[in-house]
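Report on the following structure.
Bear in mind these aren't lab numbers, they're just calculated from the coordinates by the rules spelled out. Remember, it's a predicted structure, so these values are computed and weren't measured experimentally. Here the Cβ positions follow ideal geometry from the backbone for every residue, glycine too, while neighbour counts run over all protein chains shown.
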Ligand code: B1M
């Protein structure tokens, strides 16, 4: 089973989606993240272990990108391989509860196209009994504001992966707080931390989906 998990991480790093995918050249004809995830789940590997292997694979490809060893197309293939895994994991995160605990409007802020982490947060939050309204990526402040108008009483989740889009995140938090001071805002994403969240005026910061759920459950009890 360990070998299967290792290969899933490798397939993310190498961008190997499935057996019929011709990329990368030296892995032609081999199983990709799609088949390997199915096999791992069928053999009883837990979704968390699979996710951890994927995140490790993503970290490795990200580090190689930083060293100019790979470029955007390789990152795109890694994202494609990760999406194949997520399709298998989705049912595990969406166990479904009867009545929603509340509503989370979530999106990746303007200028930022990274959505794998945001999608993961949305899935886990949904699986923990919250209704999720996903606005997608590259979401401008005005779109978040419109969504709050359409979903009174919702909490808002903002995601950013680029250092450069943290400024847009900050503007978005301010815009929301100016128009809807009572709306709770939680922020997350790799370049964020508690201090940055506080400086932006956000109500909460979560480093991962579980942190987002903990925050939502906490404010839900108030
Ligand atoms: Co980009 N990229 N990328 N990229 N990319 C990073 C983020 C980077 C760190 C790579 C690197 O240089 N090492 C770097 C950012 C550097 C920086 O700003 N500090 C980078 C760059 C530079 C870029 C481009 C500028 C490259 C270029 O064009 N020259 C470009 C920007 C495009 C844009 O957004 N405008 C770009 C493009 C892309 C792709 C489109 C090719 C692709 C994204 C595909 C997609 O998302 N659909 C991509 C990818 C895949 C990555 C890496 C390799 C992986 C990101 C990922 O999905 N991680 C990334 C390197 C890395 O992260 N090591 C990198 C897995 C995911 C599960 O983790 O998203 O962190 P993460 O989410 C976590 C937590 O952060 C948290 O929970 C999640 C689960 O644990 N979380 C929240 C996230 N949102 C949350 C919200 C919450 C709470 C928690 O509450 C609301």
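Numbers for the structure displayed
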item: Among the residues listed as 212, 197, the single one being within 12 Å of the ligand (Cβ to nearest atom), farther than 27 Å from residue 94 by Cα and not in a strand (DSSP E or B); result: 197
item: Matching residues in the stretch 48-78 - criterion: being more than 22 Å from residue 22 (Cβ to Cβ), surrounded by fewer than 11 Cβ atoms within 10 Å (Cβ to Cβ) and near the ligand (Cβ under 9 Å from one of its atoms); result: 66, 67
item: Residue match in the stretch 134-147 (condition: on the phi > 0 side of the Ramachandran plot and more than 11 Å from the ligand (Cβ to nearest atom)); result: no
item: Positions within the stretch 176-191 being over 14 Å from residue 135 (Cβ atoms) and either surrounded by 23 or more Cβ atoms within 10 Å (Cβ to Cβ) or touching a helix residue (DSSP H, G or I) at 6+ places or on another chain (Cβ under 7 Å) (or both), in sequence order; result: 179, 180, 183, 184, 186, 187, 188, 189, 191
item: For residue 119: the one exception among (1) surrounded by 17 or more Cβ atoms within 10 Å (Cβ to Cβ); (2) closer than 20 Å to residue 206 by Cα; (3) touching a strand residue (DSSP E or B) at 6+ places or on another chain (Cβ under 6 Å); result: (3)
item: Residues being free of Cβ contacts under 8 Å to residues at least 12 places away in the same chain and within 21 Å of residue 146 (Cα to Cα) - total across the stretch 167-222; result: 4
